[in-house]
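What follows is one structure encoded as structure tokens, with my remarks underneath.
The values are calculated or read from the model by the stated rules, or taken from the named source; none is laboratory data. This is a predicted model, so every value here is computed, not measured. Cβ placement follows ideal geometry from the backbone for every residue including glycine, while neighbour counts extend to all protein chains displayed. When the accessible area is computed, the model is the full protein with side chains, heavy atoms only, and any ligands, DNA or RNA have been set aside. Shrake-Rupley method; radii C 1.70, N 1.55, O 1.52, S 1.80 Å.
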Amino acid sequence: MISYLIRRLLLLIPTLIGITFITFLIVKSIPGDPVLGMVGERTDPETIERIKKELGTERSFVSQYAGYIGLIIKGEMGRSYYTNQKVSEAIIEKFPNTLKLALGAVIISSITGILLGIFTAVKRGTVLDRIGSFLAIGGISLPVFWIGLILMLIFGLYLKLLPPSGMGEGNLIYLVLPASTLAIPSGAYIARITRTMMLDVLSQPYIATAKAKGLKEFSIIFRHALRNALIPIVTIIGLDFGSYLNGAVLTETIFGWDGLGRYAMDGILKRDYPVIMGAVLVGTVVFVIINLIVDISYAYLDPRIRVKGKS
């Protein structure tokens, strides 16, 4: 297991190099000049050239990329063109907010998705199964920004039960709407996967044997069937959690949530290259680590994987 972890972590190095190079190339290919966005087009050319030299944007692509890699090796991510704040400090400040939002969303989506998937599988072919499947398909089909606006309109403006936007200095009630917005499409997809896997597992001979032994239905479903159906479900949950931590751009923007996604969006709109690169770099590391944790969890969910790894 230790050697496996070391190999996976070492693979992170070429992954980061490739991701940073592609992102740097795309960012530099975007039309427009960040300096002109900062000072305006009516500024005299001498001032524009001076600021370009200070920022280093007048250098060649290779020189700029090599300089950025040098910063990364030193443990730095550069400074924002607009605020002059260190990107690493801003990310450290905003990442906990995104982590809180991601945890809330993944808890809601996992619980509702798994329970709905189990319910529809157990009630297969009934009216309740059709209703549950309709809700799941609807949840997958609806765009996140539309869900967010509808929830904000109903629960924030009409019913006035929940605050429509903001963070409320850490008050958890402000987390409900943005976390639910993220959770609805994800929970619907988890429900579909859970239903499919549970139907497959419930048709296996060992489930019939458990029923013949007189085991309670609750024990059969949750102790025997669900555990053997968990691997693809955990994979989906892990991928969703990784995408949330990468920054739920639309959700954070709609609800005014001061997280990594909103920070990255501001950097994109302003062509703030260090901010964009820092957000992408952190997102890549987070996604790789989450996938590594998911892979490790397989050994604890399925003993056959553990035995195969030892052999």
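When 221, 233, 193 are screened for being touching a residue at least 40 places away in the same chain (Cβ under 8 Å) and open to solvent by 30 Å² or more (accessible area, probe 1.4 Å), only 193 passes.
Please go through the stretch 70-86 and pick out each residue that is open to solvent by 30 Å² or more (accessible area, probe 1.4 Å), of a type outside the set (Asp, Glu) and in contact with a helix residue (DSSP H, G or I) (Cβ under 7 Å, 6 or more places away or on another chain). Passing the criteria: 77, 79, 81, 82. Determine whether the stretch 34-50 contains at least one residue that is of a type outside the set (Gly, Ala, Ser), open to solvent by 60 Å² or more (accessible area, probe 1.4 Å), closer than 21 Å to residue 265 by Cα and at pLDDT below 80. Checked against the condition, which is being of a type outside the set (Gly, Ala, Ser), open to solvent by 60 Å² or more (accessible area, probe 1.4 Å), closer than 21 Å to residue 265 by Cα and at pLDDT below 80, the stretch 34-50 yields at least one hit.
Okay, residues lined up against (1) modelled with pLDDT of 90 or more; (2) closer than 28 Å to residue 259 by Cα; (3) in contact with a Phe, Trp or Tyr (Cβ under 9 Å, 6 or more places away or on another chain); (4) assigned to a helix (DSSP H, G or I):
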| position | (1), (2), (3), (4) |
| --- | --- |
| 106 | yes, yes, yes, yes |
| 151 | yes, yes, no, yes |
| 164 | no, yes, yes, no |
| 174 | yes, yes, yes, yes |
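Looking across the stretch 245-256, the residues that are open to solvent by less than 30 Å² (accessible area, probe 1.4 Å) and over 10 Å from the mean Cα position of the chain (by Cα) come down to 251, 252, 255, 256.
With respect to the conditions (1) more than 28 Å from residue 238 (Cβ to Cβ); (2) open to solvent by less than 70 Å² (accessible area, probe 1.4 Å), residue 89 lacks only one, and its number is (2). Return yes when residue 134 is open to solvent by 50 Å² or more (accessible area, probe 1.4 Å), part of a helix (DSSP H, G or I), within 16 Å of residue 191 (Cβ to Cβ) and modelled with pLDDT of 90 or more and no when it is not. In short, yes.
The condition of being in a helix (DSSP H, G or I) and hydrophobic (A, V, I, L, M, F, W, C) holds for residue 199. Counting the residues of the stretch 76-113 that are at positive phi and in contact (Cβ under 8 Å) with a residue 12 or more places away in the chain gives 1. Of the residues 28, 94, the single one that is modelled with pLDDT of 85 or more, open to solvent by less than 70 Å² (accessible area, probe 1.4 Å) and among the charged types (D, E, K, R) is 94. Does residue 242 satisfy the criteria of being more than 30 Å from residue 299 (Cα to Cα), open to solvent by less than 40 Å² (accessible area, probe 1.4 Å) and modelled with pLDDT under 90? So residue 242 fails the test. If only residues of the stretch 156-173 that are open to solvent by less than 70 Å² (accessible area, probe 1.4 Å) and without any contact (Cβ under 8 Å) to a residue 40 or more places away in the chain are counted, the one that is nearest to residue 108 (Cα to Cα) is 173.
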